[in-house]
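First the structure, in the form of structure tokens, and then the observations on it.
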Amino acid sequence: MKNTILLLLGALLLIKCSDKPDITAPTIDDTFFFAKIGKNGYDIKNDGAKGKAIRTIQEYPTYEFVFHHTFKTELFRPNIETTTLKVEVETPENDKTYSSATGLSDVNQNLKVITCEVATQEVETSPVEKKTYEPHDKKTPIILEVLKVDKDPSSGVKIVEGKIKGFLFNNENLKDSIEIDAHFRTKSYNQN
């Protein structure tokens, strides 16, 4: 009788242990954008809140990601500035370099698109002044270096980490340029 009770208690214990829910560690968002674009510095980590500053828009047929950030300055005059950097490449691969120029010996592939739009507004009721900056054939090329490509373990989406360095030029005035020096990590949030 004693052995039967111990056997039943052991069976109940095994059943109870197997009923425990599967505890999975929460997904940590480790995407970021650390950069200097023109005169502005950015040190931004996506933190799980809505409105990701850097995110992948699509993976196929080309890989496209965007950085979008708005901030207000209150120093001498109230000012609202929105910066949008858009990058599009063929399939990004580990340790590959992409350039806005063609025919460079140390570059694996060409960038499809890289543009930066800066919109400035002095006060919320004033008109918005927009400038678009792009690579120029006769000027210094901009380089995208892919450091690492891996998959998000929870969603399976591609995560790309890399660096962007070089100059983009105002398409209306080539004397107006901005320097970009960025380190980023991005992924898509559409499937999460």
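Every number here is computed from the coordinates shown, using simple stated rules; none is lab data. All of these numbers come straight from a predicted model, not from anything done at the bench. Virtual Cβ from ideal backbone geometry, glycine too; neighbours counted across all protein chains shown.
Data overview
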{"read-out": "Net charge over other residues, Cβ less than 14 angstrom from the Cβ of E90 (K, R count +1; D, E count -1)", "value": "-1"}
{"read-out": "Relative contact order of region 126-184, pairs being alpha-carbon contacts under 8 Å that are 6 or more residues apart, as %", "value": "33"}
{"read-out": "Local electrostatic count at K39 - Lys and Arg +1, Asp and Glu -1, tallied over other residues with Cβ under 14 Å", "value": "-2"}
{"read-out": "Average Cα contact separation per residue, region 27-187, under 8 Å, 6 or more apart, as relative contact order %", "value": "22"}
{"read-out": "Peptide ranges 155-167, 34-46 listed from the most packed, as the mean C-beta count within 10 angstrom indicates", "value": "155-167, 34-46"}
{"read-out": "Ordering of 121-134, 85-98 by packing [mean C-beta count within 10 Å, highest first]", "value": "85-98, 121-134"}
{"read-out": "Length gained when the stretch Y60-D150 is fully extended (0.36 nm per residue, less Cα-Cα span)", "value": "30.8 nm"}
{"read-out": "Peptide ranges 168-181, 53-66 listed from the most packed, as the mean C-beta count within 10 angstrom indicates", "value": "53-66, 168-181"}
{"read-out": "Neighbourhood charge, 10 Å Cβ-Cβ cut-off, centred on K163 and excluding it, Lys, Arg +1 and Asp, Glu -1", "value": "-2"}
{"read-out": "Two-decimal Rg/Rh across region 122-192, once Rg and the Kirkwood Rh are taken from alpha-carbon atoms", "value": "1.14"}
{"read-out": "Listed residues V149, P127, F167: farthest to the positive end of the dipole of region 116-171 (Cβ charges)", "value": "V149"}
{"read-out": "For region 27-187, average projected area of the Cα convex hull in nm²", "value": "10.5"}
